[in-house]
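Worksheet for the structure shown next.
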Amino acid sequence: MTTNETLIKVENLVKNFGNIEVLKGINSEIKRGEVVVIIGASGSGKSTFLRCLNLLEHPTDGSIFFNDINITDPKTNINLHRQKMGMVFQQFNLFPHMTILKNMTIAPIKLLKMSKEDAEAKAMELLTKVGLADRASAYPSQLSGGQKQRVAIVRALCMDPEVMLFDEPTSALDPEMVGEVLGVIKDLAASGMTMAIVTHEMGFAREVADRVIFIDEGVIAEEGTPEEIFGNPKCPRLQEFLSKVL
Amino acid sequence: MTVFSFTNWIANAPQWVQSCPEWFQNLIFQLYQTFIYQDRWKFFIDGLKITFIVTIGALILGVIIGLFIAIIRTAHDNYTNKKPPLILTIINSICKLYLTIIRGTPMMVQLLVMGFVIMVPKTDFATVICGIITLGINSGAYVAEIVRSGLMSINIGQTEAGRSLGFNYVQTMWHIIIPQAVKNILPALGNEMITLLKDTSLVSVIALRDVTKQTQNIISKTYQAYVPYISLAIIYLVIVILLTRLLSIFERRLRKSDH
């Protein structure tokens, strides 16, 4: 599904937390329709990299271009661009004081000025796709972890994003619920959605990725197709990492 | 005209009162001269009106000030890794100064300063406004800290989820953080409201005729402190009990989404 059109371009991305250098100059590109999986050890900076893409973490240095617009430029209204970048978190982060339907419709209604009826119709359609239409009027606390994460995914999809960012979407789930969430992400990949996924699920990474990026010590240590990365890793750190997780 | 006194009153009292023990006759006499004689219950009603007006006015002002300061302070504290904009630093310092001064001086002194140094109201209406502003500014400092603790109690993930959908800071606060924070801080906020209501009893020092001042006026006529002051205490107690009930009903309604 990968096209030739560059959707996100990252140039020399540096991120410091205080005196600690987490990202030490990352250069990368994500094409429209591409599924990029980011792997790496804990503390390698992979989540920070993902969170920099929609400026949840503000880069210390470097530039990020989204649709050829420099979103790291302070003059850019990042809120408008974030509407086009869906994000799914490890801890789901559903709004506990709203029903599932309200969780999904609040952003389209308030930000895209969609009518309540249209937004709800769209939300119901997406909920049906992930098999949760009957839970529309429930509150998040009444859902299981897997259900919450599926709702979080469709909540992001309600904004019609051009790219979806997943920050360890299955790490907080009980093992028996991982499958249902990965299933939804796979369907999404098959539909041609551009995605950047940080995950520890190597089997899933291999199956869904067009390209795998291995981040180590704040730099991209190796990248390539899943076959190259998992079948024939060159960098010693990657070989060591894979020997531990596979 | 005959002088109003216990002897005169008891002579004209109904038969059943005259057959009571003397201490009880005395109590009924005091109740009579506190509430009924010369329609003195109207003093209490007039006083309560002022008490309520000042409480509600100060409450609204306090919540507005408190919310504003809490959001400024939280926004400032959210810049952990980089320097916040200069304007935010300046406003934040002013907010901190305000909190220090208000929390560091007694309510009574603040009323005296506002009433006799800063505002010096001349008319009744101006005095009411002066009372509302002084109490509102005082309450705002406490509300600010209550609201700030409420905002900080909400997981940062909620802010991130809101921002990642494209909401700006204010929209995220308004639609996502504040509704959840309100639920957490309602008991503390209710407590502040009750404190505020009771603090209005101090406004008599700037010559505001609230229910406490009116009670003192009655005593200056009857020379009996017992019944007026006990009644005053009961009046405050009843209002506070009603407020507490109201708050717990409200709280239960807000907890609907917790299961």
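The values are calculated or read from the model by the stated rules, or taken from the named source; none is laboratory data. Just so it is clear, the structure is predicted and the values come from calculations on it, not from any experiment. Positions of Cβ are generated from backbone atoms using ideal geometry, with glycine treated the same way; all protein chains shown enter the neighbour counts. Surface accessibility is based on the protein's heavy atoms, side chains included, excluding ligands, DNA and RNA. Shrake-Rupley method; radii C 1.70, N 1.55, O 1.52, S 1.80 Å.
Summary table
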{"read-out": "Those residues of region B:149-171 which are at the interface with another protein chain (Cβ under 10 Å from one of its Cβ atoms), in a helix (DSSP H, G or I) and either within 26 Å of the chain's Cα centre (by Cα) or crowded, with 17+ Cβ neighbours inside 10 Å (or both), in sequence order", "value": "B:Gln158, B:Thr159, B:Glu160, B:Ala161, B:Gly162, B:Arg163, B:Ser164, B:Leu165, B:Gln171"}
{"read-out": "From the options A:Glu223, A:Glu180, A:Glu207, residue that is modelled with pLDDT under 95 and in a strand (DSSP E or B)", "value": "A:Glu223"}
{"read-out": "Criterion violated by B:Ser204 - all others in (1) of a type outside the set (A, V, I, L, M); (2) in contact (Cβ under 8 Å) with a residue 12 or more places away in the chain; (3) surrounded by 15 or more Cβ atoms within 10 Å (Cβ to Cβ); (4) farther than 27 Å from B:Met114 by Cα satisfied", "value": "(4)"}
{"read-out": "Residue ID - farthest from the other protein chains (Cβ to nearest Cβ), chosen from residues in region A:16-28 that are more than 12 Å from A:Val219 (Cβ to Cβ) and in a strand (DSSP E or B)", "value": "A:Ile20"}
{"read-out": "Set A:Ala119, A:Ala156: member being assigned to a helix (DSSP H, G or I), in contact (Cβ under 8 Å) with a residue 24 or more places away in the chain, within 26 Å of B:Trp174 (Cβ to Cβ) and in contact with a strand residue (DSSP E or B) (Cβ under 9 Å, 6 or more places away or on another chain)", "value": "A:Ala156"}
{"read-out": "Verdict on A:Phe241 being in contact with a Cys (Cβ under 8 Å, 6 or more places away or on another chain), over 21 Å from A:Ala156 (Cβ atoms) and not in a loop (DSSP other than H, G, I, E, B)", "value": "no"}
{"read-out": "Answer from A:Glu201, A:Glu217, A:Glu223, A:Glu168 - the residue that is in contact (Cβ under 8 Å) with a residue 24 or more places away in the chain, open to solvent by 20 Å² or more (accessible area, probe 1.4 Å) and in contact with a Gly (Cβ under 9 Å, 6 or more places away or on another chain)", "value": "A:Glu217"}
{"read-out": "The listed residue being more than 14 Å from every other protein chain (Cβ to nearest Cβ), touching a helix residue (DSSP H, G or I) at 6+ places or on another chain (Cβ under 7 Å) and at pLDDT 95 or above, out of B:Gly136, B:Gly115", "value": "B:Gly136"}
{"read-out": "Region A:79-107 - residue that is in a helix (DSSP H, G or I) and at the interface with chain B (Cβ under 9 Å from one of its Cβ atoms) and, of those, most open to solvent (accessible area, probe 1.4 Å)", "value": "A:Leu80"}
{"read-out": "Restricting region B:217-246 to residues that are modelled with pLDDT under 90 and open to solvent by less than 50 Å² (accessible area, probe 1.4 Å), the residue that is nearest to the other protein chains (Cβ to nearest Cβ)", "value": "B:Ser231"}
{"read-out": "Qualifying residues in region A:159-176 (those that are within 13 Å of chain B (Cβ to nearest Cβ) and outside any strand (DSSP E or B)) - the one nearest to the chain's Cα centre (by Cα)", "value": "A:Glu168"}
{"read-out": "Pick from region B:207-224, criterion under 24 Å from B:Ile118 (Cβ atoms) and in a helix (DSSP H, G or I), ranking: nearest to the chain's Cα centre (by Cα)", "value": "B:Thr212"}
{"read-out": "Residue match in region A:143-150 (condition: within 14 Å of another protein chain (Cβ to nearest Cβ), closer than 27 Å to A:Leu80 by Cα, within 13 Å of the chain's Cα centre (by Cα) and buried (at least 18 other Cβ atoms within 10 Å of the Cβ))", "value": "yes"}
{"read-out": "Filter result for A:Thr60 (facing chain B (nearest Cβ under 10 Å), open to solvent by 60 Å² or more (accessible area, probe 1.4 Å) and over 15 Å from the mean Cα position of the chain (by Cα))", "value": "yes"}
{"read-out": "Flag for B:Lys122 being of a type outside the set (Gly, Ala, Ser), in a loop (DSSP other than H, G, I, E, B) and either more than 25 Å from B:Leu97 (Cα to Cα) or more than 14 Å from chain A (Cβ to nearest Cβ) (or both)", "value": "yes"}
{"read-out": "Any pair with Cβ under 6 angstrom, 6 or more apart, that starts in region B:39-50 at a residue that is at pLDDT below 85 and ends at one that is of a type in the set (Phe, Trp, Tyr)", "value": "B:Trp41/B:Phe35"}
